[in-house]
Ligand SMILES: [Zn+2]
C-alpha cells in the first residue's frame, strides 16, 4: 500500500531543480548522484535542498527523528531472518580487520557479497527474497575469518570461538536449501514454515490462522491490525505473541527510538504534531495496537507541519500472511520548491481548462487543481533503506482511511536523483537518436519529468466533466477506465508542456523543456518500457498501456507527415520525434477524443482505443531493448546512501545541525553498523 501507484509507474519526475535559474541546475549537476554499482544494484545519493535555510528548531527536530529512525536499524535485519545479525557482525568484522590480500579476486567477490547483504538488510535478495549465494568458497570464508584476528566476531550460546562460528555460518551462507526464501508465496505449501523470515517460530500456518480466528472480535467495525507488532512462537506447547515493545522483544532498540522521539516531541512544530509523536511513544512503550490506531488518526490529522515522519512497523510485504509489519522510518520535510511550482500550476487551473482542446460542453466551468504533495526525504531507515519507495500512502488500516483519510506524498528528491541518473547515464546515449536529443535530455530531462507529473496530477485528473446522466467511468468504461483516465491526465500534461504559458508563468525557461519531454515520452512509451515485459507477454498494467496507446495512436495519425518516425541505424531501433508542433496538435486531438469517451461513457470507442493501440507489442522490440540494456550494464535496482545529520554543540546546547553527504557505501554501512548496533545477536 505504501507506494504511490500513479507515481510509481508514471514517468520519473523531478521536483527540485529551480526553473528560472541556470545556476541552480549547474549546482545540482556537480553533485555525484551515482556512487557505486555491483551485481544487479546501483548506489545513489539524494540531496536535501534548502536544509540550511530551515529554522534551528526544525533542524533539531529532523536530527532527533533521524536518530530515532536509525535506532531501529537492527530490527529489520532480525525480522528478515533470525541469524542476519550474526551474519552482519561477521561480515563487518572481516571487512574492517582482514589482514590478508585485499586485492585478490576472491576478496572482491567477498566484498560484493557483503555489499549485497548490506543492501538487502540480510542474506535474501531485497526484491526476489531468494537467498543470495556467495561467489567465493567455504574454504575462502574460513581464510577470511582466520585472517581477521582483531575482529570482534559475534559469539553466543554454544558458539564460543571463531571456528565454531564458521561451522555455524557455513550452511546459512552456502547451503542453498537452508533458509532458501525469505517470503514464500507459492500456492499449496505452508507459507509460514517455508518462509525464512523471523516472524514465526515453531508454528504452522494452520496454527497461526487458528490463533487469530480465536482472538479476533466478530463484526468489529474498527479492528486493530492483528499480529502487526509481534513474533508468534510456540513456548511450552502454547502459541504466544512476543510483542515488539519497550521491555519486550526488540526492547533495547525500541527504548532508543523512544529516547529520540521524546526529544523530538519537545521541539515539535505544533500541538497536532506533538500529539501524534506522544501517541507513537505511548504505543512503543505499551505495544498496544489500539494506541497504534489512535496514533495513526492523530498522524493523518497533522497536515500543517513542515516536517513529517513515518516510524514504526508499517508494511506487511515481508509476511506471506500479510499480518506482521517490517520496521521502517522515513523522515521528511515539505518540498517548498515543488510546492511553489505546483501552486503556480494549480492557481492557473481555470486558464488550463478554458484553453484545453476538449469540447466546450466537456469543460468544467469552475475547476480547482488537485493539491499534490511533495516531500523531501531527510533520512530513511529500516525497510525503507537502502532501497526506498518513491511515494508513500498511509496508513494501511482500511477503516482509518475511510473514516479519517490518509496521507499521500511523493518523495521529490528521491525521484529527482533517479532522473539525474537516467539523464546522465549511458541509457540516454544508447537510445537517443542524436546529440541534440541527448543534450536536451541532460539539460532539461529532470525538470520536464517534474512538470509532467505536476500537471498530470494537479490539472490532468481534475479536468473535464461528465455529461448529465452518465455514470462513473468505472461503470461505463469498466476495465478500460483506469487506462483511459491515465491517458487523459498524461495528455493534458503533454499538451501544455509545449505551451508558452508555462514559460510566461516562469515554471520553465523555454519550450526546449517540452521537447525533452516529448522525446522521452515517445522513446519510453514505444520502446524502453518494454524492458519490463517477459518475452512473449503483451501489456497488462494500465500505465504502460496508456503510454503506448498515446504514443502509438499519435504515430499512426501522424504517419503521413512522419511526425514520429521509427528509424534504424547499425541494426538498432530508434523512435524519433520530427515535428513537435504537429505532435502537440495530435495530443490535443486524442485528448479531445478520450475526454469525449469519458464524458459520454462510450465503452465501444474506449475499448477500441485500448485494444488497438495499448496492448499488443512487437516481440522483436522486447528482445532488442532487453539486450541493449544488458549490454550497457544498467543495474535494475537502486538504493541510497543516507545523508548524515551532524549536530553542532556548544557545551550541552545544540546550536546547529549540519548536513553531510557520504559517498562511500562500504564506509557508510560500517558506520551505521557501529553507531546503531543496539540488539543482541539473537533475539
Ligand atoms: Zn494518474
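Residue count for segment 631-666 satisfying the condition of being free of Cβ contacts under 8 Å to residues at least 40 places away in the same chain and part of a strand (DSSP E or B): 8.
The listed residues are 497, 526, 511, and the only one of them that is touching a strand residue (DSSP E or B) at 6+ places or on another chain (Cβ under 8 Å) and modelled with pLDDT of 95 or more turns out to be 526.
All conditions but one from (1) within 19 Å of residue 539 (Cα to Cα); (2) touching a helix residue (DSSP H, G or I) at 6+ places or on another chain (Cβ under 6 Å); (3) surrounded by fewer than 17 Cβ atoms within 10 Å (Cβ to Cβ) apply to residue 632; the one that does not is (1). The C-beta contact set for segment 215-239 (first residue without any contact (Cβ under 8 Å) to a residue 12 or more places away in the chain, second residue in a strand (DSSP E or B) and surrounded by fewer than 16 Cβ atoms within 10 Å (Cβ to Cβ), distance under 8 angstrom, 6+ apart or interchain) is empty. As for segment 532-541, it holds at least one residue that is under 13 Å from residue 621 (Cα atoms) and either touching a strand residue (DSSP E or B) at 6+ places or on another chain (Cβ under 6 Å) or assigned to a helix (DSSP H, G or I) (or both).
For residue 547, state whether it is surrounded by fewer than 19 Cβ atoms within 10 Å (Cβ to Cβ), at pLDDT 95 or above, out of contact with any strand residue (DSSP E or B) (no Cβ under 7 Å at 6 or more places or on another chain) and in a helix (DSSP H, G or I). No: the conditions fail for residue 547. Only one entry in 531, 569 is more than 16 Å from the ligand (Cβ to nearest atom), at pLDDT below 95 and within 20 Å of residue 429 (Cβ to Cβ), namely 531. For segment 403-412, does any single residue satisfy the condition of being buried (at least 21 other Cβ atoms within 10 Å of the Cβ) and either over 25 Å from residue 45 (Cα atoms) or modelled with pLDDT of 95 or more (or both)? No. For segment 143-180, the set of residues classified as touching a residue at least 40 places away in the same chain (Cβ under 8 Å), assigned to a helix (DSSP H, G or I) and closer than 19 Å to residue 102 by Cα consists of 143, 144, 145, listed by residue number. Does at least one position in segment 444-452 carry a residue that is farther than 17 Å from residue 600 by Cα and over 22 Å from the mean Cα position of the chain (by Cα)? Yes, segment 444-452 contains at least one residue that is farther than 17 Å from residue 600 by Cα and over 22 Å from the mean Cα position of the chain (by Cα). Taken over segment 473-510, the criterion of being within 16 Å of the ligand (Cβ to nearest atom) and assigned to a loop (DSSP other than H, G, I, E, B) is satisfied by 477 alone.
Considering 53, 78, 40, the condition of being at pLDDT below 95, more than 21 Å from the chain's Cα centre (by Cα), at negative phi and more than 16 Å from the ligand (Cβ to nearest atom) is satisfied by 53 alone. Being surrounded by fewer than 16 Cβ atoms within 10 Å (Cβ to Cβ), free of Cβ contacts under 8 Å to residues at least 40 places away in the same chain and more than 28 Å from residue 599 (Cα to Cα), is that true of even one residue in segment 509-520? Yes, segment 509-520 contains a residue that is surrounded by fewer than 16 Cβ atoms within 10 Å (Cβ to Cβ), free of Cβ contacts under 8 Å to residues at least 40 places away in the same chain and more than 28 Å from residue 599 (Cα to Cα). The helices (runs of 4 or more DSSP H) falling completely within segment 44-101 that include 2 or more residues that are in contact with a strand residue (DSSP E or B) (Cβ under 6 Å, 6 or more places away or on another chain) map to 56-71, 73-80. Based on this model, can you work out whether residue 331 counts as crowded, with 17+ Cβ neighbours inside 10 Å and either in contact (Cβ under 8 Å) with a residue 24 or more places away in the chain or part of a strand (DSSP E or B) (or both)? So residue 331 passes the test. The number of residues in segment 636-648 that are touching a strand residue (DSSP E or B) at 6+ places or on another chain (Cβ under 7 Å) and over 17 Å from residue 384 (Cα atoms) comes to 4.
For segment 421-468, residues that are assigned to a helix (DSSP H, G or I), away from the ligand (no atom under 15 Å from the Cβ) and either without any contact (Cβ under 8 Å) to a residue 40 or more places away in the chain or more than 17 Å from residue 514 (Cα to Cα) (or both) total 15.
Taking residues in segment 478-496 that are without any contact (Cβ under 8 Å) to a residue 40 or more places away in the chain and farther than 10 Å from residue 547 by Cα, and partners anywhere that are within 10 Å of the ligand (Cβ to nearest atom) and in a helix (DSSP H, G or I), the pairs with Cβ atoms closer than 8 Å and at least 6 places apart or on different chains are 489/456; 489/457; 489/460.
The values are calculated or read from the model by the stated rules, or taken from the named source; none is laboratory data. Not measured: the values here are computed from a predicted model. Backbone-built Cβ (ideal geometry, glycine too); neighbour counts: all protein chains shown.
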